[in-house]
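Participant: I have a structure I would like to understand better, so I am pasting it below and will then ask my questions one at a time.
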Amino acid sequence: MCAVWLARRGWSVTGVDFAGVGLAKAARLAEEAGVEAEWVESDLLEYEPASASADLVIVFYLQVSAEHRRAILRSAATAVAPGGTFLLVGHDASNLEHGHGGPQDPSVLYTAEDVVADLEGFEVERAEVVERPVETAVALDVLVRARRP
């Protein structure tokens, strides 16, 4: 789990998810690793992060409608401090026809361009489709890394 990996490297971590079961697993993994993190169970449409409070904000595999994605990403982006990084990885829209696995509902898939359009005031460092090996195939993910000036 990314949050535990970051905490093991000295980062102060807050993990936010709507799934209590996932957060319980994360807390158990953190305890096993001997690290601490804050775990917040919340609907991301309602969660309000502290403004400019994080050097790194990561959004992994957020697969929701375009309307909800825009709202959640704009909220998450407010948490990025000046000089901080926003990182997103998710199932790319092209994965449906050319990749393996992932959601089969095109309404929850998106592109790097969609994510970049959701971010205002960021310098985009990388926005592209990346391949991720899975089983005996390849999944296509969207990767966006951007920095707040």
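The values are calculated or read from the model by the stated rules, or taken from the named source; none is laboratory data. Keep in mind that what you see is a predicted model, and the values were worked out from it rather than measured. Reconstructed Cβ throughout: ideal geometry from the backbone, glycine too, with neighbour counts over all protein chains shown.
Participant: Contact list please: Cβ distance under 7 Å, first residue in region 54-77 and among the polar types (S, T, N, Q), second residue at pLDDT 95 or above and in a helix (DSSP H, G or I), pairs at least six apart or on different chains.
Facilitator: Q63/V108; S65/S107; S65/V108
Participant: Go through region 132-149 and count every residue that is of a type outside the set (S, T, N, Q) and without any contact (Cβ under 8 Å) to a residue 12 or more places away in the chain. Can you show your working first?
Facilitator: Restricting attention to region 132-149, the residues satisfying the condition of being of a type outside the set (S, T, N, Q) are 132-135, 137-149.
Then keep just the ones that are without any contact (Cβ under 8 Å) to a residue 12 or more places away in the chain; that gives 132-133.
Number satisfying all stated conditions: 2.
Participant: All but one of (1) touching a residue at least 24 places away in the same chain (Cβ under 8 Å); (2) within 16 Å of the chain's Cα centre (by Cα) hold for A19; which doesn't?
Facilitator: (1)
Participant: Output the residue which, of all residues in region 67-113 that are of a type in the set (S, T, Y) and closer than 18 Å to V129 by Cβ, is surrounded by the fewest Cβ atoms within 10 Å (Cβ to Cβ). Break it down stepwise before answering.
Facilitator: Narrowing region 67-113 to residues of a type in the set (S, T, Y): 75, 78, 85, 94, 107, 110-111.
From the residues that got through so far, the ones that are closer than 18 Å to V129 by Cβ too are 94, 110-111.
Working: S94: 14, Y110: 26, T111: 17.
So, considering only residues that are of a type in the set (S, T, Y) and closer than 18 Å to V129 by Cβ, the one surrounded by the fewest Cβ atoms within 10 Å (Cβ to Cβ) is S94.
Participant: Also, I was wondering about something else. In region 112-139, what count of residues is obtained for those that are in contact with a Phe, Trp or Tyr (Cβ under 9 Å, 6 or more places away or on another chain) and assigned to a strand (DSSP E or B)?
Facilitator: Final tally of qualifying residues: 0.
Participant: For the structure I just gave you, tell me whether R132 is over 23 Å from I72 (Cα atoms), surrounded by 14 or more Cβ atoms within 10 Å (Cβ to Cβ), at pLDDT 95 or above and of a type in the set (K, R). Write out each step before concluding.
Facilitator: Working: over 23 Å from I72 (Cα atoms): yes; surrounded by 14 or more Cβ atoms within 10 Å (Cβ to Cβ): yes; at pLDDT 95 or above: yes; of a type in the set (K, R): yes.
When the stated conditions are applied, R132 passes them.
Participant: For the subset of region 31-53 comprising residues that are acidic (D, E) and either out of contact with any Leu (no Cβ under 9 Å at 6 or more places or on another chain) or touching a residue at least 40 places away in the same chain (Cβ under 8 Å) (or both), which member is nearest to G90 (Cα to Cα)?
Facilitator: So in region 31-53, the residues acidic (D, E) come out as 31-32, 36, 38, 41, 43, 46, 48.
Applying the additional criterion that residues be either out of contact with any Leu (no Cβ under 9 Å at 6 or more places or on another chain) or touching a residue at least 40 places away in the same chain (Cβ under 8 Å) (or both) yields 31-32, 36, 38, 43, 46, 48.
Values: E31: 27, E32: 27, E36: 26, E38: 23, D43: 18, E46: 21, E48: 21 Å.
Ranking the qualifying residues of region 31-53, first place goes to D43.
Participant: Residue by residue through region 135-147, note down the ones that are out of contact with any helix residue (DSSP H, G or I) (no Cβ under 8 Å at 6 or more places or on another chain) and either modelled with pLDDT of 95 or more or not assigned by TED's automatic domain parsing to the domain that holds E97 (or both).
Facilitator: The initial filter retains those residues of region 135-147 that are out of contact with any helix residue (DSSP H, G or I) (no Cβ under 8 Å at 6 or more places or on another chain), namely 135-138, 145, 147.
Matches in region 135-147: A137, V138, R145, R147.
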